[in-house]
1. Determine the relative contact order of chain B: mean sequence separation of Cα pairs under 8 Å and six or more apart, normalised by residue count, in whole percent.
2. Amide H of B:E200: which non-local residues (sequence gap of 5 or more, or other chain) have their own amide H closer than 5 Å, using H built in the peptide plane?
3. Projected onto the charge dipole of segment B:173-252 (+1 at Lys/Arg Cβ, -1 at Asp/Glu Cβ, origin at the Cα centre), which of B:P226, B:Y243, B:Y182 gives the Cα projection farthest towards the positive end?
4. At a Förster radius of 30 Å, what calculated FRET efficiency corresponds to the Cβ-Cβ distance of A:Q178 and A:Q131, to the nearest 0.05?
5. In whole Hz, what ³J(HN,Hα) sequence does segment B:197-208 give by Karplus (6.51, -1.76, 1.60; θ = phi - 60°), x for Gly and Pro?
6. Largest first and in whole Å, give the semi-axes of chain B's equivalent ellipsoid, each being the square root of 5 times a Cα gyration tensor eigenvalue.
7. Taking the Cα centre of the protein assembly as shown as origin, sum charge times position over the Cβ atoms of Lys and Arg (+1) and Asp and Glu (-1), and report the length of that vector in debye to the nearest 20.
8. Of A:C40, B:C352, how do they rank once you tally other Cβ atoms within 10 Å and put the fewest first?
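Only the coordinates and a few stated rules stand behind these numbers; no lab work does. Predicted model, so just to flag it, every value in this text is computed and none were measured. Glycine gets a Cβ as well: all are built from the backbone with ideal geometry, and neighbour counts include every protein chain shown.
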Amino acid sequence: MQPLIELRNVTKTYGTGDSAVHALRATDLTVRAGEILLMCGPSGSGKTTLLSIMGAILSATSGSVKLLGQEIVGIKESRLPDIRLSNIGFIFQGFNLFPALTALENVEVALTLKGLSKSAARKRAQELLEQVGLADRMKHHPADLSGGQKQRVAIARALAGDPKIILADEPTAALDSQSGQLVMETLSTLARDRGRAVVIVTHDSRVLHYGTRMVHIADGRLEEQAHGVQQSNQIEHEGVTA
Amino acid sequence: MTTLAWKNLFYDKVRLAVTLTGIVFALILIIVQFGLFLGFLDTTANVVVRSGVDLWLTAPGVPHVNGAAAFPEKRRYKALAVEGVDRVERFALQFAQWKLPTGSQESVQVTGFDLDGGMGGPWNIIAGSVEALRGDDTIIVDQLYLEKLGVKGLGDSIEINQRRARIVGLTQGIRSFTTSPYVYTSFKNSQNYTLLKEDETYFLLVKARPGVDLQKLKADLKAAIPDVDVFTNDEMRSLTQSYWLFTTGAGVTTLMGAVLGLLVGIVVVAQTIYSATVDHIREFGTLKAMGARNSYIYRIIIEQALISATMGYSLALVAGWFVAKSSETGNAAILLPPEMAVGLFFLALAMCIMASVISIRKATSIDPAMVFKS
């Protein structure tokens, strides 16, 4: 399968000199279309930093980061929003929905960012919410939705730009088992049936079996984990060079 | 985008109320403090501003309109001989003692003007008339000071410097900056009340012919009558306002109050808008993560600020109008002229946009990892 994310010798250091903090050390990683990569690790291990670099919202200190074959290290910062908009969908632990907007409007915002007209955005937002099973909740504000429903709105929003890459930060942490399962099945479908690369940061043992691959981060170092995830022999193991 | 800015503001009614309260409070503070300042300036020089005079002739060294000294009236004839002068009228403005019915005394400022020319006369007459001043011992006072002067209204008689005076007219809103109300009378009567000699005057008021260059006429008058000072109406206003503004504690206090009101208002609005923006910082971070450009976020923030400013201004203007209206019957004038209302609108917009710009820096320098935290 086509590699959608390629990291080569990527480092991230905050500060300089004695006070420098090495959040990420010489990391290599490839994520391919159709893959569900689970990332685990303790707090402060560098998971969020890695996710942010893959999401083009944080620049690597050194190394190479390619999204869909395009090198993003060293390019103008002003070009990054377009790269995020076109290629990446984010799902957050805290949902990060706009509380003042209805479910429909939350998805519409992402579509209008893509340049769709108001009527086209509304039509597409309705389709996306129907896809995630929220046809009857479109006019509800986030405060009137359950955790699982909020996360599905967030998924619909993340899919608004039809991105090839989905980055999810603890998407099930705030959900009960049933809602968590529904969310993970939606993400699995996206990877399996629609060829998206899905990267999930998680501590939730309930979701491990959804992953096709799992990596562990500790002290900014990445380690591939052998675990009982779905077998995907086609996944290439890039290893760790730290 | 309009939807997001508008809905962000109106979704949380309590937060909107807090934001608007901050803006309204700040703008009312500015309205009151600046209104008091404008009222102060107006009160100190109202008899000059509304005099209809082109040039004032005074005894040498007169510091302001309330500090006149007597000089020979015959200078009037020299002034009339100067090319460009249309007419010259005598004018008196001098402190005198008003005897209250209780026997105690109040200080007043007797204002004597030429009844035929009318320069320096009263305005806003609500009862009686200027014509009634042609009778002996007749005066016009402002209704604001009736109680202070111990009288009820038209027809009441009292004594000024031990000479009888009868009220034949009432004005509304002719305030005195000092504690001494203005008492209007004919110049002839004022000579009696102020113990002015028959051949003296405190001022000569000059009306120029239409189209005459006032600066040239001023120079010509000075050359023709070297032993008087000549001021344009604007100079006399400025002299008087500056005197009361900078040489009295009240003036400096009012000025400082206006400056502080403006500063405090700016700080309150800035803080209010900043807080309202920072409350949405996570949403802006999410928008950035989704691929929104900074310009998109700027527009939302500025739009929110403009909506807040317009709403806050509208509410503050209504409240300010009531404050100004209620001050009409009080001793301290709070003015809210149209120019100030318009200026305040642009000030409110500028303050809110400035505060937004500060907030924008915060919003666009968000730690990207922030959006990943629950």
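1. Working: 652 pairs, mean separation 103.4, N = 374.
Dividing the mean separation by the residue count of chain B yields 28 percent.
2. B:E73
3. With unit charges placed on the Cβ atoms, the residue in question is B:Y182.
4. On the way: r = 19 Å, r/R0 = 0.63.
The value I calculate is 0.95.
5. 5, 4, 9, 10, 8, 8, 9, 10, 9, 10, 10, 8
6. 56, 24, 15
7. Roughly 880 debye, rounded to the nearest 20.
8. On the way: A:C40 22, B:C352 26.
Lowest to highest Cβ neighbour count: A:C40, B:C352.
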